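Novice: Quick one: structure below, then a few questions.
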Amino acid sequence: MSMTLRYYPLVVLLSVTASHDSASQLTEPATLVIGADTPVVEVARRRAERRFIRLPSLDYKLELNAQCAAGFGPMALSISVADTRKSPTADTISADGPISMTLTIPAPQIGPIAIDNFCVEPGENPPLIGNKQTNGEESLEVKAALSVQASLLCANEIDKHMIYASKPLSVVLLCKVPGA
């Protein structure tokens, strides 16, 4: 019997075992999806040479869809923005449907944002192209002013794994135009 035929049953057995092990791996992957609203902040008029704006405390309404893989259950969920953290209970995570919460980020945790020629006093500089003016108000969306990070710990009797997600958080600056 040739060497190739002699080991053929062993090769077939190993191939079947390997494919069976990979098929029994996670068939439904875990997911962690973050949704967030965009708060609107009213900004006072300022001189053109002042470029940085300090934001007040911001309230973000978050919606998280947290799903562990088949055979795993949620053990812990952690959400953080700047130095603000929240950890819903395992019961809240295991409930079907999205998890809704409001996260308030205190003003001292938000760094100043650099903005040129927005909401300047009359006669200073014209507004930048890209600023929107509707209903007598000038507005500007600042994308990624902050970011939210979340982690989901899923476990069963034998194993555990962590899923991570992040999302940039925007804020809309609103400046009242004189005479509006």
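The values are calculated or read from the model by the stated rules, or taken from the named source; none is laboratory data. Here the structure is a predicted model, which is why all the values come from computation and not from measurement. Accessible surface areas use protein heavy atoms only, side chains included; no ligands, DNA or RNA. Shrake-Rupley method; radii C 1.70, N 1.55, O 1.52, S 1.80 Å.
Novice: Taking H placed 1.01 Å from N in the peptide plane, check which residues at least 5 places from residue 148 or on another chain put their amide H under 5 Å from its amide H.
Specialist: Residues meeting the amide H criterion: 167, 169.
Novice: Please give the per residue accessible area of region 25-81, computed with a probe of 1.4 Å over protein heavy atoms only, in Å². Each step should come with its number before you reach the end.
Specialist: On the way: 3230 Å² over 57 residues.
Using a 1.4 Å probe on heavy atoms only, each residue of region 25-81 averages 57 Å².
Novice: At a Cα cut-off below 21 Å, give the lysines reachable from residue 176, other chains included and same-chain residues fewer than 8 away excluded.
Specialist: 132, 143
Novice: Let me ask something additional. Identify all aspartates and glutamates with a Cα-Cα distance to residue 167 below 14 Å; exclude those on the same chain that are fewer than 8 residues away in sequence.
Specialist: Result set, ordered by chain and number: 37, 63.
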